[in-house]
Amino acid sequence: MTTEHSRRNFLRGQFSQTEVSRMHPPGAQPDVAQLCTQCGACVDACPEAILIPQDASAPIVDFSRGACTFCNACAEACDTGALVPAEPPHWPWRATIAAHCFSLTGITCRACEDACAPRAIRFRLMTGGRAAPMLDSDLCTGCGACVSSCPAAAIRFEVPSDAEEEVA
């Protein structure tokens, strides 16, 4: 996901991301940046239009545009081997919910729960009529449906440390 340098994004806690933390499409190989020729075939093939071309790097996923269905269309369109189709595609990213989530600040909102098909996001009732989001990372597929639905832009994606160890 790319992040613009702006006052609004700074106040939201959205800072520039390094190449290491860029979310490349499902099926991306460890050396995706070297293998990718920036031909745009994967971007054109994505039926959800969530891939964004990058200068001198492989495309990245932008969940503000929608969710990934893990259809493998991007990987199937890649002739360079930068993206490889797999069933299910390797996708280590999982959602996290930031402290500025509306529900955590006392504003009633459950948009992410409504958008989450695998029900990885649930809300636990708390005293005072509030509800806190609870994320089950084992149920989270990393599809990103929750991102575009969140009015507070409080959902981020990261690779859990146990998933990083699996890849290494």
Query raised in the report: From the backbone phi of region 57-62, what are the Karplus-calculated ³J(HN,Hα) couplings (6.51 cos²θ - 1.76 cosθ + 1.60, θ = phi - 60°) in whole Hz, Gly and Pro given as x?
Result: 7, 5, x, 10, 8, 10
Report task. Could you please rank Ser137, Ser149, Ser161, placing first whichever residue has the fewest other Cβ atoms within 10 Å of its Cβ? Result -> Ser161, Ser137, Ser149
Query raised in the report: Which residues' amide hydrogens lie under 5 Å from the amide hydrogen of Phe123, considering only partners 5 or more residues apart or on another chain, with H built in the peptide plane?
Result: Met134
Query - Karplus (6.51, -1.76, 1.60) ³J(HN,Hα), θ = phi - 60°, over region 137-153, in Hz, Gly and Pro reported as x - result: 5, 6, 8, 5, 8, x, 5, x, 4, 6, 5, 5, 8, 7, x, 9, 6
Report summary line: Sorting Ala99, Ala120, Pro85 by the position of each Cα along the dipole of region 85-130 (Lys, Arg +1; Asp, Glu -1; all at Cβ), the one nearest the positive end of that ordering is Ala99
**Report entry** Other-chain or far-sequence residues with amide H under 5 Å of Ala28's (modelled H)
**Finding:** Val84
Query - Hz values of 3J(HN,Hα) by residue in region 22-32 - Karplus curve (6.51, -1.76, 1.60), Gly and Pro given as x - result: 6, 8, 7, x, x, x, 5, 7, x, 9, 4
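Read the figures in this text as sums done on the coordinates, not as results from a lab. Computed from a predicted structure; not experimentally measured. All Cβ positions, even for glycine, are placed from backbone atoms using ideal geometry, and neighbour counts span all protein chains on display.
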